Every structure is written in C-alpha cells, then in structure tokens.
Amino acid sequence: MTSGGRAALEPTALEPTPLEPWVLRRAGATDMEGLRRHQLRALRETVARARRRSRFYADRLAAVEPGDIANLDDVARLPFTTADDVRREGMRLLCVSPGAVARVVTLLTSGTTGEPKRIHFSAADQELTVDFFEHGMSVLAGPRDRVLILLPGERPGGVGELLARGLERLGATPLPHGPVGDVDAALDVLEAERASVVVGIPVQVLALVRRGVSRGRALRLASVLLSTDHVPRAIVSTLERDWDCRVFNHYGTTEMGLGGGVECAAHAGLHLREADLLFEVVDPLSGVPLPPGQEGEVVFSTLTREAMPLIRYRTGDLSSFVPGPCPCGSRLRLLSTVRSRRGDVAVLVGGERLRLADLDEALFGVDDVLDFRARLGADGEGEWLAVELLCEGGSAGQGGGGAALPRRTAAALARRVALAQQFDRQPLAFAVGSQPRAKVEHIVSGKERLV
Ligand SMILES: [Zn+2]
C-alpha cells in the first residue's frame, strides 16, 4: 500500500494535536482557562436542565442546586450515574420527547439486571459526534487517504456511518465495510480499494495482519486507528511491524457519544474531547477523585448532550491522567491508555493480582495468536489457568509452527505474568483453535472473556 498521508503528516508530527484548536473553538475559548470556564458553565447548565427535564435526575439531583457548583472540583459533590441506572431507568433519563430521539443504541453487555442499556441521541448529538470524528481523524488521516472502516453501524446514525460522514468532511475517502466477518474477503477489499488507513477493533485488525503475513502479502499502510476500551500494546507492535504503519488509539464508548479521546503523534496518552465531556479519575472503592498519575476508574459528565445527558457516569474502565503537558505541546488533558476494566482483575490465592491486560500482552505477542479465552479456577491441587487460543494457521497438533505453540505460549506467559507458582503446581491447559478460518466476529471479545 502506498499513501500520500504518511509523507504529508511527518513534518508536523510534533505539533500540538489538531484536536486542541477544535476543542477551544467549540468551547468559545482561546486558552485553557477559557476552556475550564466553558466546562463549568456547561456542567451547571447540564445539571439544571437534567433536573428540569429528566425524571431520573429530578429525583437523583433533588438535593443539588446548580449554584452549589462553584468550581470544577465541585463536580465531586454530585452523585454518580451507573450502568445499572441506565439499564433500570431507561426512558426516565431522557431530557427530550421521544419524538426528538434520532437514534437509540442498544447495548447487550452484561449487567446485574439482565436488561440491555439503551442510549438515546438527538440529531444535534449525532452532529457533535460527526464533528469529533472529523477532527479526531485529522490526527492520522488527510484528504488523500482512503479509509477502510471495519466498525459496525453502516446504516444511518451507526458509528461506521457517522465516521464516514466525518471523513468526508475531512476530504478523505471513507470505505465503509463493517466488522470483519470473512478475513480473506476483508483483506481482498483492503488491497483492491488501495486503503491507506484502517479503522477497526484490535483483534479484528490483528486477524487481517496475521492473514496477510500467512498469505505472503507485503502490505504497507499509512496509519491504523484502533477503537475500543483497551488496546493491547502487543497488537500495536505487531501492526507497526507487519504493516509498517503508525498506530493510534481511540477511546470512546456509546455512552460518551461514541467518541472520547484520541492519541496524538506523541503517543503519550489520549487527548480528550473536553468541550463536550468532563472527565474524572476516581478511586473505584471510595469514589474520591484522584490526582494525575494515580490509577482509578474513569468517570465522565456530558456537557453538551441533548437527548440523554449523563452526569458522573462510571465507565468501569481503569486509567489515570498523565501529569504535565503532552510532548506534542498541547495542554489538553491527557488520559493514559486504558489498560483494563474493573472486574478484569483476578486475585490469586497467594494474593497476587492477575490482570486480563497482562494476558493480552503475553498472548497477543505470540505469533499466530488471534484471540484467546482464559479461565482461572481452583481444585484440590491448587489454582489453575486454562487458556484457549484461536490461531492463524491451524491447531497445535497440525504441524508447522502450531506444534510448538503451547510451549511458546507458556513461555510468553511465564515472562509476562507472575504465575510461576501456579505453573509449578499445575501446568497450563491448552486448547488451540482448529478452525483458523473461523469468522472473526465470533471471536470472544475482551469484555466477554473470563479470567
Ligand atoms: Zn499530544
């Protein structure tokens, strides 16, 4: 693959992220102090409007007067909103009439109530998302780029379609595809369309890279945007090596309005969509806000959302603010790459912590591994860790590199994960996927994996 975008972007690599002037303009500000004033004003307005228009917030914020919020630190005086609130309360969170809702996104994630989460957006809310996508993508793509979109939602109002609209405004050529179902077919599209940029979910883009290598295709892209809550470093390294491209993380959830923050060329963390969202990092247990450098749960409040504002929404994602300014020179707040979610940490019998992110880094670094499923259990012999691998190129017993896979995987885990004691008591159990051409959409995603 060749691209004009790469050469065009390199000389400006360490200029402040293009998100900064956009955020300031959206905030009607010329400096960071002005941005903070906008956030305070918008937070007060959001609280006042939510109390007035949403039956849920009328109850939840009954004791709060918008005037109580004298500065941005006072956001900590407001109660949290949880995923269970959204599941349980549904339409009671709405601040507009149902007729003003342009799009409802239903999220079938696990929860204590079994109800799906439904997030409502107005046309104005969607416009803000398109605006963010246009300026967020300008970090890594330019007018000459052809951008293959491997995200769901190709229909009007879906994430793929909103991203395509943002890219068109940027002058780039969007190539909407949808999630990778057939890896070979997606690889053929990538080549036939001469895509220079790919946007996708980490394990699906990894599958494309691995298949390209196994088919002997030398591909070269300008850049890749990986969009999810957690991007394993091992996947980034593989993409950089095998596609000779720059890899950027995007952090965003449906609740955030699909976009939250994106890395700049310095790759020091995520620059946040601060005109529209106020982020906090809080202690997951006490709920107390944490200073930069300390890891806690990411919490955000919407500042400009019309249909369904969320105030102090607990994401369940764990991260920290990066102290000091970004090496790119921007003074926008910088959020560390999200490493894991609450609940993705298992405490072993000996008290050691095992993070899903540790397994990600160990296992995605092993050539051929496309995805995995891990289970931690205990029996009379002690604790055990069972790892099922889905691999490119065949199962463990079918020759090639496969035969050595359990050994290589165990070695990778031993290097990266503090589980030596567990290895001594009980060897790892492996089941290697024997269907290398399985549809990637059926690969277990990070949130559904068990540790
Ligand atoms: Zn930066």
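Per-residue answers, yes or no, for (1) assigned to a helix (DSSP H, G or I); (2) at pLDDT 95 or above; (3) in contact with a His (Cβ under 7 Å, 6 or more places away or on another chain); (4) of a type in the set (A, V, I, L, M):
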position	(1), (2), (3), (4)
ARG6	yes, no, no, no
HIS38	yes, yes, no, no
ALA42	yes, yes, no, yes
THR46	yes, yes, no, no
ARG52	yes, yes, no, no
**Message:** Please determine whether any residue of the range 187-199 is surrounded by 19 or more Cβ atoms within 10 Å (Cβ to Cβ), touching a residue at least 24 places away in the same chain (Cβ under 8 Å), under 17 Å from the mean Cα position of the chain (by Cα) and in a strand (DSSP E or B).
**Reply:** yes
**ALA268 vs. criteria surrounded by fewer than 21 Cβ atoms within 10 Å (Cβ to Cβ) and under 24 Å from ASP358 (Cβ atoms)** = yes
**Message:** Whether any residue in the range 271-286 is over 30 Å from ALA102 (Cβ atoms) and among the aromatic types (Phe, Trp, Tyr) is what I want to check.
**Reply:** no
**Item:** Residue count for the range 21-36, restricted to those that are touching a His at 6+ places or on another chain (Cβ under 7 Å) and within 14 Å of the ligand (Cβ to nearest atom)
**Value:** 1
**Request:** Scan the range 150-167 and report the pairs whose first residue is outside any helix (DSSP H, G or I) and whose second residue is of a type in the set (D, E, K, R) and crowded, with 18+ Cβ neighbours inside 10 Å, with Cβ atoms within less than 7 Å and a gap of 6+ or a chain change.
**Result:** GLY153/GLU161; GLU154/GLU161; ARG155/GLU161; GLY157/ARG103
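One line per residue, one yes/no per condition, for (1) in a loop (DSSP other than H, G, I, E, B); (2) more than 13 Å from THR253 (Cβ to Cβ); (3) within 16 Å of the ligand (Cβ to nearest atom):
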| position | (1), (2), (3) |
| --- | --- |
| ALA266 | yes, yes, yes |
| HIS271 | no, yes, yes |
| ALA275 | yes, yes, no |
| LEU278 | no, yes, no |
| LEU285 | yes, yes, no |
| PRO291 | yes, yes, no |
| GLN294 | yes, yes, no |
| VAL298 | no, no, no |
| GLU306 | yes, yes, no |
**Request:** Could you check, for the range 351-374, whether at least one of its residues is within 30 Å of MET32 (Cα to Cα) and at pLDDT 80 or above?
**Result:** no
**Request:** Please determine, by comparing only the residues of the range 54-72 that are modelled with pLDDT of 95 or more and assigned to a helix (DSSP H, G or I), which one is nearest to PHE279 (Cα to Cα).
**Result:** LEU72
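The values are calculated or read from the model by the stated rules, or taken from the named source; none is laboratory data. On a predicted model such as this, the values are computed, not experimentally measured, just so you know. Cβ atoms come from the backbone with ideal geometry, glycine included; neighbour counts cover every protein chain shown.
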